[in-house]
Every structure is written in structure tokens, then in C-alpha cells.
1. For A:Thr23, what charge total do you get from the other residues with a beta carbon under 9 Å from its beta carbon, if Lys and Arg give +1 and Asp and Glu give -1?
2. Take the eigenvalues of the Cα gyration tensor for the protein assembly as shown, scale each by 5, and report the square roots as semi-axes in whole Å, largest first.
3. Give me the base-10 log of I(q)/I(0) for chain B at each q in 0.20 Å⁻¹, Debye formula, one uniform scatterer per Cα, rounded to two decimals.
4. For the residues A:Phe45, A:Phe63, what sequence is obtained by ranking on other C-beta atoms within 10 Å, fewest first?
5. For B:Ser48, A:Ser47, B:Ser39, A:Ser83, what ranking results if the residue with the fewest other Cβ atoms within 10 Å of its Cβ goes first?
6. When A:Arg104, A:Arg91 are ordered from fewest to most other Cβ atoms inside 10 Å of their Cβ, what list results?
7. Sticking to Cα atoms, compute the Rg of the stretch A:3-112 to one decimal and its Dmax as the biggest Cα-Cα distance, whole number, in Å.
8. Mind putting a number on the dipole of the protein assembly as shown about its Cα centre? Charges go on the C-beta only, +1 for Lys and Arg and -1 for Asp and Glu, and I need it in Debye to the nearest 20.
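Just so it is clear, none of the values below were taken in a lab; they were calculated from the coordinates. For clarity, every value in this text was computed on a predicted model and none was experimentally measured. Don't worry about glycine lacking a Cβ; one is built from the backbone with ideal geometry, like all the others, and counts go over all protein chains shown.
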Amino acid sequence: GQNIDQPTEMTATEGAIVQINCTYQTSGFNGLFWYQQHAGEAPTFLSYNVLDGLEEKGRFSSFLSRSKGYSYLLLKELQMKDSASYLCAVRDEAGGSYIPTFGRGTSLIVHP
Amino acid sequence: DTAVSQTPKYLVTQMGNDKSIKCEQNLGHDTMYWYKQDSKKFLKIMFSYNNKELIINETVPNRFSPKSPDKAHLNLHINSLELGDSAVYFCASGSIYGYTFGSGTRLTVV
């Protein structure tokens, strides 16, 4: 299985940049995902990394280093609506299953 | 046109009852999942199912069982409900590139 670690809570100011880190341990890495979840809602897909490097999508970017078991989600030009939980998920191919396992999430609070 | 739809959105029931949650996806994905999100917001896999194989998280009690009448549906049946089953249950379907979640079912056992 996986051991996924991310900070429990972060705070940032509107307009700023914030980086949310995720470290993981897995025996058969097959992709890393970031999801956003607002309170009372379903998780929504943000990004997918399977190769090392940076994936950019608008204000959000995600980075992966497979050798270090490390990823981060970078949020630029923060808006109040970015206040949410951010979930790091790792897919493992060990045993022939390809099930994404989620970390406990990072609660981001954006204040004016 | 909702990609992954699950019903009901809210379910309040008494201990010992049997209940079902329905899930349907129109994305053409081969694999569907059930996750449980507890009060601490931890999203935990319960089942993974495609038309070939059911993978069960060994920590899930056998009171929980998935039923798939066809590729587009994966329903969750729960027998003899307990207080600790209260949580939000999410259905999802996925491809190699990502996963789409339903809106969730908040189950409250009283």
C-alpha cells in the first residue's frame, strides 16, 4: 500500500502563492493526482502527473519527483474561492490493482 | 447531464436496517469505485470493480457489498447498519488519467 503525507492545514493571503507538499511511499507507482474538495461537495480533479516535472494548468501547477516520492501543488493568484481541502492521491499497480489511495488532505484557508 | 450520479443524496435510517445507494456513470469508464469519507474527511477506498474483477479493501465489513448490474452501474448494499457506518459515501469512476466522483450520499444511522 501507500503512505501519503501532506500538511493538515495551511493559510494564505488572497493574491499570494501557496505550495502544498505531498510525500508518498509506494511499491509500484502508477500516477499521482491532486483533487480539490469544498466543504459538503465532491472532490474535483485538478491534475495528473505520471512523469517527473511540472504540469501547468492556469493558476494551478503540479510537480512530481518519482525518485524522491514527492509532489507539490502550486496555487497562484489565490482567490477566496480557493479555500478548500486539497487531496493528494497516488495510484499503485502493486498486485495488479490500480486503485488511487488518498492522503488525509490539506485544508487551505485563504484570507483577505 | 451528470457524469457520475448517485442517489439518494441524504439517507437517515435506524440501526439494524438494510439500505442501498445507487450509482451510475455515463463516461464509458471500465472501472468504478466506492469511497467512504469519515468525519475527519479521510477518503478511504472500499471497493474497486470492473467487469472482470472486484477488489475489496480488507478492512471493509462484509455487511457491505457492491452490486453491478452492468458496466455503467455500481450500487452499494449495506446490511444491519451500525452507528459507525454514518459517513459520506462517494461513488467514482475512472480512467488512467483521472477519476470523477459523484456528489456523495450522507448516511446517518440513528
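1. Details: positive: A:Lys68; negative: A:Asp5.
Residues close to A:Thr23 contribute a combined charge of 0.
2. Values: eigenvalues 175, 84, 49 Å².
Equivalent ellipsoid of the protein assembly as shown: 30, 21, 16 Å, largest first.
3. -1.04
4. On the way: A:Phe45 16, A:Phe63 20.
In increasing order of surrounding Cβ atoms, one gets A:Phe45, A:Phe63.
5. Neighbour counts put them in this order, fewest first: B:Ser39, A:Ser83, A:Ser47, B:Ser48.
6. Details: A:Arg104 18, A:Arg91 23.
By the 10 Å Cβ count, ascending: A:Arg104, A:Arg91.
7. According to the Cα coordinates of the stretch A:3-112, Rg and Dmax are 13.6, 47 Å.
8. Working: 20 positive and 21 negative charges, 49 e Å.
Here the size comes out at about 240 debye.
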